[in-house]
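Accompanying notes for the structure given below.
The values are calculated or read from the model by the stated rules, or taken from the named source; none is laboratory data. Worth saying up front: this structure is predicted, and the values here are computed from it rather than measured. For neighbour counting, all protein chains shown are included, and Cβ atoms are generated from backbone atoms with ideal geometry for every residue, glycine included.
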């Protein structure tokens with residue numbers, strides 16, 4: 001891009017959007033849709049977060065103080081579903097919408113109308129899911145993994161609404177990911193080879209393929225449930241010749257790639273931020289790409305490590321243990337590359353960098369506990385305890401969610417044209433960092449000492465650390481209101497951002513004005529030679 | 001962005017890094033001395049297998065901690081030294097084939113080092129041959145049933161094991177006593193130094209039978225029977241829990257295993273066998289209304305009240321009310337039938353497998369004549385027994 005930099009910025013852009021509500025309903029602009037996704041995701045993050053706080057408040061001390069066990073189970077279930085499908089996944093789709101076209105020099109996503117559909121399905125899907133809370137018999141209460149037959153023969157009537165909501169989310173994800181694939185493969189600026197693409201684009205390309213591969217599997221498993229519940233089949237009913245363990249195999253064949261769907265784009269975000277603030281090129285770009293692809297491949301062949309206690313034959317246990325341990329190799333490569341990028345850099349520690357570094361450290365802790373969980377004999381002791389809860393929250397909260405926050409701070413000046421308040425940003429970081437560790441670190445120990453997950457009440461020996469964990473959860477939860485305030489403040493005004501924003505930043509999105517004009521790269525940019533590699 | 005810039009002069013970045021590192025190690029080690037690790041770590045347990053598992057856990061944990069210290073140490077060093085505020089100039093390297101090979105290949109060897117002991121422990125755990133005693137463990141919503149399998153069915157001992165903690169304690173109406181939520185009415189009793197095999201299955205949803213001290217955790221799945229085993233070396237009481245979400249009282253179906261000397265075990269087993277015989281004698285006699293009501297109330301509170309509530313009001317729609325409506329005030333045969341055979345597609349279980357005929361007769365009679373229900377009729381244990389026998 002040579003010179004599309006505008007000399008002045010207005011709140012409404014020149015080839016601007018329509019006015020009023022219909023702008024958002026009808027929009028096919030990737031930036032508008034990205035914004036919609038991000039706000040939707042944040043609202044789901046707050047709703048899911050409130051459910052987490054209900055859980056942590058109940059677990060603050062032994063006894064049943066606030067909720068009954070039936071409602072507690074609804075909270076754990078809905079918290080998981082909303083955070084996975086409503087908060088983390090749409091946030092990454094929002095980032096992809098905003099950033100992929102700008103990073104590859106495309107004018108928009110390849111399929112703009114479908115882009116609009118794939119967003120607008122989501123509010124209906126989640127309205128339906130949340131409405132189950134008010135139904136007779138209550139919301140789904142069988143855990144976000146909804147194991148049959150608890151989710152079929154023994155489920156509340158609202159399970160059918162849950163199934164339909166999951167179908168809608170799946171359709172939305174599949175359309176969104178087809179769009180990402182088509183955009184990346186067809187709309188790159190002339191001369192940009194695949195191995196020139198920023199790592200965020202690479203990780204999203206791979207993620208989109210994962211989504212297209214596994215969302216139909218999820219649709220399949222919920223359809224089998226629907227048939228069992230309403231049409232007299234017995235896929236998962238042992239009494240009718242079916243197999244409850246089949247459910248788990250099919251679910252986790254979706255579920256394990258799903259885990260990487262929620263972390264690969266995070267790798268991309270961090271790989272953009274660390275080089276900027278280390279003022280040094282990303283170490284080992286090629287190996288980063290290969291490592292991401294390896295992780296994606298391995299994600300398809302390790303699913304049963306979630307099921308070590310279902311009584312598989314020893315050959316199955318050993319195979320899934322070895323395959324799972326292998327994931328540590330490409331994941332290690334990524335961590336080492338980030339560290340090597342920081343090494344001998346010239347670092348500054350603005351808010352995005354703080355979140356990115358915290359990501360590397362805390363995600364690595366989650367990765368190491370994942371390695372421990374892969375060891376089958378030890379897993380028999382860890383399985384379904386708080387050790388597992390600590391593990392996956394370490395990779396999801398200070399993992400995925402920290403990367404999303406890092407991304408928000410990093411690209412907010414580009415999106416809004418204003419710098420966010422750095423002091424408040426750092427305050428938000430430190431509150432989140434302390435909160436998240438106080439919440440989840442003790443859970444490792446509660447789990448090792450023997451507290452199972454999904455328990456509304458617990459033996460007295462676990463009381464102290466549960467209390468600590470709950471205090472941390474409230475610190476973390478309420479500090480996200482500060483994040484909301486910082487973002488609104490930044491949208492409303494603030495120090496004007498330059499086009500480049502960060503002095504070490506590389507990539508096409510930094511060659512355009514801040515805020516990014518409503519239409520960018522209507523003519524393809526000329527690439528600085530081999531700029532991206 | 002600027003707050004850290006003036007912290008130190010750039011003249012000696014490495015000294016700064018070193019100072020921070022020493023401080024971190026000092027804080028870390030003093031904390032580890034103060035902490036009480038026993039309440040924070042996995043149990044070593046009381047079987048050879050559980051100790052093997054503990055050792056394996058500590059080995060992997062140690063390796064992970066070392067990797068963590070190495071990686072985070074380098075990162076933190078870099079963050080303290082390679083900062084713009086100290087005037088550090090960025091280097092220009094962006095790859096190193098040698099280094100990248102090294103950190104791909106070295107981890108593979110570390111992983112092999114972990115996989116070898118893990119494999120051998122797993123093989124030991126999976127060898128469940130040559131059992132001295134077979135016990136069927138059957139999960140129910142929300143209790144466990146233990147059956148001591150015996151070639152002679154009349155010698156078979158079978159009983160339910162459910163939570164002993166009264167609801168008053170978890171609803172904070174009474175002080176929580178020792179073993180809160182970890183005590184049961186009828187613990188599983190096993191002899192020490194015998195190879196006890198557990199055959200684990202479920203009657204309804206998936207449960208998971210976990211006793212940490214034996215390193216035994218196996219899912220109880222309807223339609224499957226899975227094996228696990230333990231040789232317990234020390235007499236004692238070992239507590240475990242259900243670890244697979246199984247509905248509302250998932251957190252309220254603990255496991256207690258009492259390991260005793262062989263003689264004590266035999267005495268206990270003989271007593272249980274006698275009890276079973278006694279029950280069958282009571283089935284033949286004619287019970288009075290008062291006897292049925294008295295037994296019925298006990299049975300109801302223990303087996304029915306988690307769903308239908310102590311006051312019979314239930315939690316509609318999942319758990320219907322029994323007061324003044326439905327089968328409890330309707331057709332007697334239908335009432336007995338639903339208790340004996342359960343209701344397909346609902347949480348109502350077939351209690352013929354859990355209760356003896358006298359208990360079923362008593363609880364049906366109780367439900368028809370309690371909380372203002374005044375049907376006035378009663379059913380005798382022998383009638384219930386005839387129904388169960390006819391069905392078989």
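A few remarks follow.
- Hits in region A:35-67 - residues which are assigned to a loop (DSSP other than H, G, I, E, B) and in contact (Cβ under 8 Å) with a residue 12 or more places away in the chain: A:59, A:60, A:61, A:62, A:63, A:64, A:66, A:67
- For residue A:199, the criteria (1) under 18 Å from the mean Cα position of the chain (by Cα); (2) within 14 Å of chain B (Cβ to nearest Cβ); (3) surrounded by fewer than 20 Cβ atoms within 10 Å (Cβ to Cβ) hold in every case but one, which is (3).
- Search result, residues across region B:74-92 that are within 8 Å of chain A (Cβ to nearest Cβ), surrounded by 15 or more Cβ atoms within 10 Å (Cβ to Cβ) and over 29 Å from residue A:444 (Cα atoms): B:82, B:83, B:84, B:85, B:88, B:90, B:91
- Where helices (runs of 4 or more DSSP H) fall wholly inside region A:244-356, the ranges with 1 or more residues that are within 19 Å of the chain's Cα centre (by Cα) and touching a residue at least 24 places away in the same chain (Cβ under 8 Å) are A:244-261, A:264-278, A:285-299, A:328-342.
- Annotation: of all residues in region A:488-529 being assigned to a helix (DSSP H, G or I) and within 25 Å of residue A:347 (Cα to Cα), the one that is farthest from the chain's Cα centre (by Cα) is A:511.
- Applying a threshold of 6 Å to beta carbon distances and a minimum spacing of six or more residues, or different chains, the list of pairs starting in region A:206-227 at a residue that is at pLDDT 95 or above and ending at one that is not in a helix (DSSP H, G or I) reads A:224/A:235; A:225/A:152; A:227/A:233.
- Hey, residue B:240 buried (at least 17 other Cβ atoms within 10 Å of the Cβ) and at the interface with chain A (Cβ under 7 Å from one of its Cβ atoms) or not: no
- All conditions but one from (1) closer than 24 Å to residue A:284 by Cα; (2) crowded, with 19+ Cβ neighbours inside 10 Å apply to residue B:49; the one that does not is (1).
- Residues located in region B:360-392, provided they are more than 34 Å from the chain's Cα centre (by Cα), in a helix (DSSP H, G or I) and free of Cβ contacts under 8 Å to residues at least 40 places away in the same chain: B:386, B:390
Residues checked against (1) closer than 27 Å to residue A:244 by Cα; (2) at pLDDT below 95; (3) away from chain B (no Cβ under 11 Å); (4) surrounded by fewer than 22 Cβ atoms within 10 Å (Cβ to Cβ):
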position	(1), (2), (3), (4)
A:292	no, no, yes, no
A:301	yes, no, yes, yes
A:308	yes, no, no, no
A:311	yes, yes, no, yes
A:317	yes, no, no, no
A:320	yes, no, yes, yes
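- Which listed residue, of A:429, A:402, A:440, A:392, is at pLDDT 95 or above and within 13 Å of another protein chain (Cβ to nearest Cβ): A:429
- Where residue A:236 falls short, out of the listed (1) over 22 Å from residue B:203 (Cα atoms); (2) buried (at least 20 other Cβ atoms within 10 Å of the Cβ): (1)
- Verdict on residue A:103 being closer than 30 Å to residue B:306 by Cβ, in a helix (DSSP H, G or I) and under 23 Å from the mean Cα position of the chain (by Cα): no
- Criterion (more than 10 Å from chain A (Cβ to nearest Cβ), touching a residue at least 12 places away in the same chain (Cβ under 8 Å) and buried (at least 20 other Cβ atoms within 10 Å of the Cβ)) met by exactly one of B:205, B:184, B:231, B:216: B:184
- Residue B:367 vs. criteria under 19 Å from residue B:383 (Cβ atoms) and modelled with pLDDT of 85 or more: yes
- If you check A:345, A:284 for being modelled with pLDDT under 95, in contact with a strand residue (DSSP E or B) (Cβ under 9 Å, 6 or more places away or on another chain) and either facing chain B (nearest Cβ under 10 Å) or surrounded by fewer than 24 Cβ atoms within 10 Å (Cβ to Cβ) (or both), only one passes: A:345.
Let's see how each residue does on (1) buried (at least 16 other Cβ atoms within 10 Å of the Cβ); (2) outside any loop (DSSP other than H, G, I, E, B); (3) at the interface with chain A (Cβ under 9 Å from one of its Cβ atoms):
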{"site": "B:63", "(1), (2), (3)": "yes, yes, yes"}
{"site": "B:72", "(1), (2), (3)": "yes, yes, yes"}
{"site": "B:94", "(1), (2), (3)": "yes, no, yes"}
{"site": "B:101", "(1), (2), (3)": "no, yes, no"}
{"site": "B:104", "(1), (2), (3)": "yes, yes, yes"}
{"site": "B:108", "(1), (2), (3)": "no, yes, yes"}
{"site": "B:116", "(1), (2), (3)": "no, yes, no"}
{"site": "B:125", "(1), (2), (3)": "yes, yes, yes"}
{"site": "B:135", "(1), (2), (3)": "yes, yes, no"}
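- Contact map, region B:162-175: residues that are in the same structural domain as residue B:254 (by TED's automatic domain parsing) paired with residues that are modelled with pLDDT of 90 or more and in a strand (DSSP E or B), Cβ distance under 6 Å, separation 6+ or inter-chain. Pairs shown: B:162/B:143; B:164/B:184.
- Residue in region B:57-72 that is under 22 Å from the mean Cα position of the chain (by Cα) and either farther than 30 Å from residue A:276 by Cβ or not assigned by TED's automatic domain parsing to the domain that holds residue B:301 (or both) present: yes
- Where a residue in region B:248-261 is not assigned by TED's automatic domain parsing to the domain that holds residue B:189 and its partner, wherever it lies, is surrounded by 24 or more Cβ atoms within 10 Å (Cβ to Cβ) and assigned to a strand (DSSP E or B), with Cβ under 9 Å and at least six apart: none
- Which numbered condition residue B:366 fails, given (1) more than 23 Å from residue B:317 (Cβ to Cβ); (2) within 14 Å of chain A (Cβ to nearest Cβ): (2)
- Looking at A:455, A:420, just one residue is over 23 Å from residue A:386 (Cα atoms), within 14 Å of chain B (Cβ to nearest Cβ), in contact with a helix residue (DSSP H, G or I) (Cβ under 8 Å, 6 or more places away or on another chain) and crowded, with 20+ Cβ neighbours inside 10 Å, and that residue is A:420.
- Scanning region B:187-197 for residues that are surrounded by 18 or more Cβ atoms within 10 Å (Cβ to Cβ) and either more than 22 Å from residue B:275 (Cβ to Cβ) or in the same structural domain as residue B:350 (by TED's automatic domain parsing) (or both) yields a count of 2.
- Being more than 25 Å from residue B:191 (Cβ to Cβ) and modelled with pLDDT of 95 or more is a property that does not hold for residue B:135.
- Tally of residues being touching a helix residue (DSSP H, G or I) at 6+ places or on another chain (Cβ under 8 Å) and in a strand (DSSP E or B) across region B:161-190: 3
- Every condition in (1) modelled with pLDDT of 95 or more; (2) over 30 Å from residue A:97 (Cα atoms); (3) outside any helix (DSSP H, G or I) is met by residue A:144 except one, and the failing one is (2).
- Tally, over region A:406-433, of residues that are over 16 Å from residue A:480 (Cα atoms) and outside any helix (DSSP H, G or I): 3
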